[in-house]
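Structure, as structure tokens:
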Amino acid sequence: MDLDALASCLASPACLVTQTTSGLIIGMLLFLVAVGLTLIFGVLKVVNFSHGAFYMFGAYFAMTAYQFTGSFALAILSGAVGTAILGLIFERVFMSRVYGRDVLMQLLVCYAFVLIFDDVVRMIWGPEFRSMGMPAAFQVPPLFIAGGVVPPYYLLLIGVALAAAVVLGLALARSRIGKVIRAAAHNPGMVSALGINTGLIYGGVFALGGMLAGLAGALAAPVRSLTPGMGFSVLIESFIVTVIGGMGSILGALIGALLIGLIRSFGSLGFPLFTEGLMYLFMVIVLVSRPTGLFGKEVA
């Protein structure tokens, strides 16, 4: 425990800006993964335990595309679209067969594919740590805000994640397909009776969730080391985010991710040996005071 370091950072504008930026980066990446997780749960009522693998594949797809094309935009697009296609195939071929089954069976299927996907990555890209490297366009001097160091790439990452949050929220709230998705989440039988293909909706939602996780992985590739199994730790933290924010709530995923990001960033200063413990402790406090999460709704 080093409360003096935490207090001195809070009193220093430079340190405050630097740590807040780091917390926002962590939070935004977690949000992109967690919002896909909570979206899949909200509509399909499935806890996708393999969701972290799509984050991993997004990072590897982006790295591979960048190595072949040298285009960072194509790398991001490849990570997102590649995982969307993978998610659609995974849902149609495997997950669609366990809807309505015992939760344990769903978890076993997902966990099996966590191991399978990790081995697939080892076979294709190897077991060693890989690095995509920072794109040339962002290899520029950092910005200085109140004395704090802010790399330009961090601003892009935050901007993309916020844009994704706004677009997703507006699409679900105001578009026709968004209303159909929300209706399928509440009463899939009625939606099916109206002649709407619920299987197509489920596949699309799963693909969207995979795409968001893949987008997070692609955005993380320039600033994170790539290794088989890298999605598991992100998955655990994403579950924490969804539990804190409330399962099925997009706003809850955003707020929960930002809170966890800031807890990790500032907690590493004041509680360097208990940073992960702080996340779990905060989750427990939220669940004790509000079992449905900050923005979750009681099930009637």
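Of the chain, which part is the longest with no GluC sites (Glu not before Pro) in a loop (DSSP not H, G, I, E, B) and with at most 13 other C-beta atoms within 10 angstrom? Could the numbers behind the result be given before it?
Values: sites that count: Glu128, Glu298.
Counting at most 13 other Cβ atoms within 10 Å as exposed, the longest clean stretch of the chain is 129-297.
Once you charge only the Cβ atoms, +1 for Lys and Arg and -1 for Asp and Glu, what is the size of the charge dipole of region 76-200 about its Cα centre, to the nearest 20 debye?
Values: 9 positive and 5 negative charges, 104 e Å.
Value, rounded to 20: 500 debye.
How big is the charge dipole of region 1-128 about its Cα centre, in debye rounded to the nearest 20, if each Lys and Arg gets +1 on its Cβ and each Asp and Glu gets -1 on its Cβ? Don't skip to the end; give the middle numbers.
Working: 5 positive and 7 negative charges, 110 e Å.
Here the size comes out at about 520 debye.
What's the longest uninterrupted piece of the chain once you rule out the trypsin sites (Lys or Arg not before Pro) that are loop residues per DSSP with at most 16 other Cβ within 10 Å? Intermediate values should be presented prior to the final figure.
Working: sites that count: Lys45, Arg101, Arg224, Lys297.
Segment 102-223 is the longest.
Rounded to a whole number, what % of the accessible area of region 1-158 do carbon and sulfur atoms account for, probe 1.4 Å?
Using a 1.4 Å probe with all protein chains present, region 1-158 comes out at 72 percent carbon and sulfur.
Assigning unit charges at the beta carbon (Lys, Arg +1; Asp, Glu -1) and nothing else, what dipole magnitude in debye, to the nearest 20, does region 142-300 show about its Cα centre? Walk me through the intermediate numbers first.
Values: 8 positive and 3 negative charges, 84 e Å.
My answer is approximately 400 debye.
Over the chain, average the accessible area per residue using a 1.4 Å probe and give it in Å², no decimals.
Working: 13990 Å² over 300 residues.
Computed with neighbouring chains in place, this is 47 Å² per residue.
Calculate, in whole percent, how much of the Cα-Cα pair population of region 72-182 lies beyond 24 Å.
On the way: 3326 of 6105 pairs.
Counting every Cα pair in region 72-182, those more than 24 Å apart make up 54 percent.
With no solvent and one equal point scatterer placed on each C-alpha of the chain, evaluate the Debye formula and give log10 I(q)/I(0) for q = 0.14 Å⁻¹, two decimals.
Relative scattering, expressed as log10 I(q)/I(0), comes to -1.08.
State, to one decimal in nm, how far the label point of Ser225 lies from the label point of Leu251, with both points 7 Å from Cα in the Cβ direction.
Label-label distance for Ser225 and Leu251, simple model: 4.0 nm.
Can you tell me the orientation of helix 103-125 relative to the chain, as the angle in degrees between its alpha-carbon axis and the longest Cα principal axis, to the nearest 10?
The helix 103-125 is inclined about 60 degrees to the chain.
I'd like the isolated cysteines in the chain, meaning no second cysteine's beta-carbon lies under 4.7 angstrom from theirs.
Cys110 - these cysteines have no disulfide-compatible partner (Cβ-Cβ under 4.7 Å) in the chain.
Considering the chain as a Gaussian network with a 10 Å cut-off on Cα pairs, which listed residue, Gly42, Gly203, Gly133, attains the greatest mean-square fluctuation?
Residue with maximal mean-square fluctuation among Gly42, Gly203, Gly133: Gly133.
Which of Ile26, Leu162, Leu172 sits closest to the plus end of the dipole of the chain, meaning its Cα is farthest towards the positive end, when Lys and Arg get +1 and Asp and Glu get -1 on the C-beta?
My answer, from the dipole projection, is Leu172.
For the chain, what is the mean residue ellipticity at 222 nm derived from helices alone (per DSSP H run of n ≥ 4: -39500 (n - 2.57); sum divided by total residues; nearest 500 deg cm²/dmol)? List each step's numbers first, then the result.
Details: 12 runs with 219 residues, N = 300.
It lands at -25000 deg cm²/dmol.
The values are calculated or read from the model by the stated rules, or taken from the named source; none is laboratory data. It should be emphasised that the depicted structure is a prediction, and the values quoted were computed from it without experimental measurement. Here Cβ is always computed from backbone atoms with ideal geometry, including for glycine, and neighbour counts include all displayed protein chains. Only protein heavy atoms, including side chains, enter the accessible area calculation; ligands, DNA and RNA are left aside. Shrake-Rupley method; radii C 1.70, N 1.55, O 1.52, S 1.80 Å.
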